[in-house]
1. Go through ASP37, ASP66, ASP86 for me and flag whichever is touching a Gly at 6+ places or on another chain (Cβ under 6 Å) and of a type outside the set (S, T, N, Q).
2. Pairs, please: C-beta under 6 Å, at least 6 apart or cross-chain, first residue assigned by TED's automatic domain parsing to the domain that holds LYS52 and at pLDDT 75 or above and in the range 86-104, second of a type in the set (Phe, Trp, Tyr) and not in a helix (DSSP H, G or I)?
3. Just to check your reading of the model, which residue among ARG75, ARG69 is surrounded by fewer than 18 Cβ atoms within 10 Å (Cβ to Cβ), assigned to a loop (DSSP other than H, G, I, E, B) and of a type in the set (Lys, Arg)?
4. If ILE40 satisfies all but one of (1) surrounded by fewer than 16 Cβ atoms within 10 Å (Cβ to Cβ); (2) closer than 20 Å to ALA96 by Cβ; (3) of a type outside the set (D, E, K, R), what's the number of the condition it fails?
Amino acid sequence: MRRAARTDANQAAIVRALESLGCTVQSLAAVGGGVPDLLIGWRGMCLLFEVKDGAKPPSERKLTPDQVRWHRDWRGQVAVVETVDDAIQAVLRANAGLPGIPRAPLTQAAAPATSAATKRQGRVVAKPAKNASKGRLRPDPGVV
């Protein structure tokens with residue numbers, strides 16, 4: 001039986017700071033299994049943050065074996081944050097598409113391609129429609 005989820009002492013301050021930026025924040029601390037502590041929604045993006053208390057000694061800030069496995073196997077974005085500033089910078093880096101926080105490339109609004117080649121590859125790549133309105137952008141669903 002799983003024990004009650006513990007949260008780091010700085011998590012509440014990080015949540016308040018992110019919410020003040022306009023982020024929505026959902027705690028995932030009770031999920032366990034190495035899943036990061038916070039799910040953040042901001043400007044159409046989902047971000048995952050593992051919160052570590054920067055006030056603790058480095059030996060107490062290490063990822064657990066479950067967290068190491070989860071981070072290794074996860075194919076999306078995840079960041080480890082220790083301070084309010086770390087969390088804010090991670091959100092801003094994601095918005096700017098800077099290295100360290102992957103961001104899906106933007107393409108012109110389009111209908112998905114369904115050629116035999118893309119079906120064989122198991123993915124659909126968005127291609128611009130002839131009548132797509134200019135300026136409407138959305139993430140390319142073919143990006144993994």
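1. Only one candidate passes the filter, namely ASP66.
2. VAL91/TRP42
3. Within the list ARG75, ARG69, the selection yields ARG75.
4. ILE40 satisfies every listed condition except (1).
The values are calculated or read from the model by the stated rules, or taken from the named source; none is laboratory data. Keep in mind the model is a prediction, meaning the values are calculated, not measured. Glycine also receives a Cβ, built like all others from the backbone with ideal geometry; neighbour counts cover every protein chain displayed.
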